[in-house]
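Just so it is clear, none of the values below were taken in a lab; they were calculated from the coordinates. Since the model is a prediction, treat every value here as computed from it, not as a measurement. Virtual Cβ from ideal backbone geometry, glycine too; neighbours counted across all protein chains shown.
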Amino acid sequence: MFAADTPPAARPVPILVELFTSEGCSTCPPADVLLERFDSSQPMPGAQLIVLSEHVDYWDKLGWKDPFSSSIFTDRQTVYASHFGLASPYTPQMVVDGTSEFVGNNTHLAEQAIQKAANSQKVSVRISSISSATPGKLHASVEADALPVGPNADVYFVVALNHAESQVERGENKGHHLAYVAVVQSLAKIGSVDRNHNLLRDRRQNRFARGSFKLASDCLYTAARLRPRNWSRHWHGSREIRFEVNRRLKDLSI
């Protein structure tokens, strides 16, 4: 994508786009398609949309258990609901940069929120090294600069499937074959930053399945896409590495 010495003015502005979704929700597939379109087309010049698909589990008791669902994402969405003053979580919900939320299949509101996020202040986050010397495991070093403003920000490390598909046999989407992008498999806090302290942290992560992956971290969210099989070659060859922040502070660099 770009090298560490790329001038800041030339770097795309990273924008975090989270979609809370479920295979049990009949209005979610259009939102899943919209998220995939944002990821593949990158429609805003000068911006890098970092998308994450987070499958909540409160639909699982209503006829079909989403194979990608987790209470971790329900808990995360519940925190957002409180932050935005909502009566309860809902799907599909899209959250942009942790500051705007709306029904996840509303293209117009999504474009407005992305445009607003493109003008927010950023802070640099970097993956300084990455390797997969041990089969089935990933080792990465994550660096995040101190915040220019604000009390503190938590840093999370995320692993997500780059692509996933599912045949739904019951529930509201019965009979539908659904496809997703950036399906989050793991989300873990690895540290914090504030105005006086940056972050340098090693992270060791198990690989969850065969296929391609996206790697990330949250308020300072780091993301990187991995193709199947030869992780090391992809990391150092294509350098397709992305970074994002789940507040208003973000930058991209490698």
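The table for this structure:
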{"item": "Segments 66-76, 185-195 sorted - mean Cβ within 10 Å per residue, highest first", "result": "66-76, 185-195"}
{"item": "The range 25-99, dipole about Cα centre (Lys/Arg Cβ +1, Asp/Glu Cβ -1), debye to the nearest 20", "result": "120"}
{"item": "Förster-model FRET efficiency, 51 Å R0, ASN198 and LYS61, C-beta, rounded to 0.05", "result": "0.75"}
{"item": "HIS139 paired with ALA87, simple spin-label distance in nm, labels 7 Å along Cα-to-beta-carbon", "result": "5.2"}
{"item": "Distance (nanometres) between label positions extended 7 Å along Cα→Cβ at GLU169 and ASN152", "result": "4.7"}
{"item": "Cα centroid separation, the range 167-196 to the range 41-71 (Å)", "result": "4"}
{"item": "Highest-first arrangement of 14-24, 90-100, where packing means the average Cβ count within 10 Å", "result": "14-24, 90-100"}
{"item": "In order through the range 81-94: 3J(HN,Hα) via Karplus (6.51 cos²θ - 1.76 cosθ + 1.60), integer Hz, x for Gly, Pro", "result": "4, 5, 4, 8, x, 8, 5, 6, x, 8, 10, x, 10, 10"}
